[in-house]
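The values are calculated or read from the model by the stated rules, or taken from the named source; none is laboratory data. Small disclaimer: the values here were computed from a predicted structure and weren't measured. Cβ placement follows ideal geometry from the backbone for every residue including glycine, while neighbour counts extend to all protein chains displayed.
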Amino acid sequence: MPSNRRALVVLIFCLAAVPAAADSLDVLQGKYAFNWRAEPSREKCLKVAGKLLTDFKSNRYRCELTAVTNTSTGAPARVCTEVKDGKEYLIFDTLRACDEERKTQASNE
């Protein structure tokens, strides 16, 4: 196979994979998140939907879908980090877990 054809096949494969990665972020829909790099006492837990979910799917954010457990409360959370401005959202399965984490971090300010 000529190298041009190989490059074309690789390009097509990469382009086909991009929507799949964005679609996988749909698992975040309906979860709850807050920007832990801001002042947690001033933050609110937001439902991941609409614009926030669209932002997470954009090139502006990098999201790790494997849950981490090194949060203040030990509750598992996924993380989405803004590439340029440094916002970093902790994303929890429930509003209660999100609020408990936010309040714990606020008490440590």
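Before moving on, here are some points about what is shown:
- Qualifying residue in the range 28-39 (condition: loosely packed, with under 14 Cβ neighbours inside 10 Å, at pLDDT 90 or above and over 24 Å from ASP85 (Cα atoms)): yes
- Qualifying residue in the range 2-20 (condition: modelled with pLDDT of 95 or more, out of contact with any Asp or Glu (no Cβ under 8 Å at 6 or more places or on another chain) and not in a helix (DSSP H, G or I)): no
- Among the residues making up the range 56-79, those that are under 16 Å from SER24 (Cβ atoms) and surrounded by 15 or more Cβ atoms within 10 Å (Cβ to Cβ) are PHE56, LYS57, TYR61, CYS63, ARG78, VAL79.
- Positions within the range 27-51 being assigned to a helix (DSSP H, G or I) and free of Cβ contacts under 8 Å to residues at least 24 places away in the same chain, in sequence order: ARG42, GLY50, LYS51
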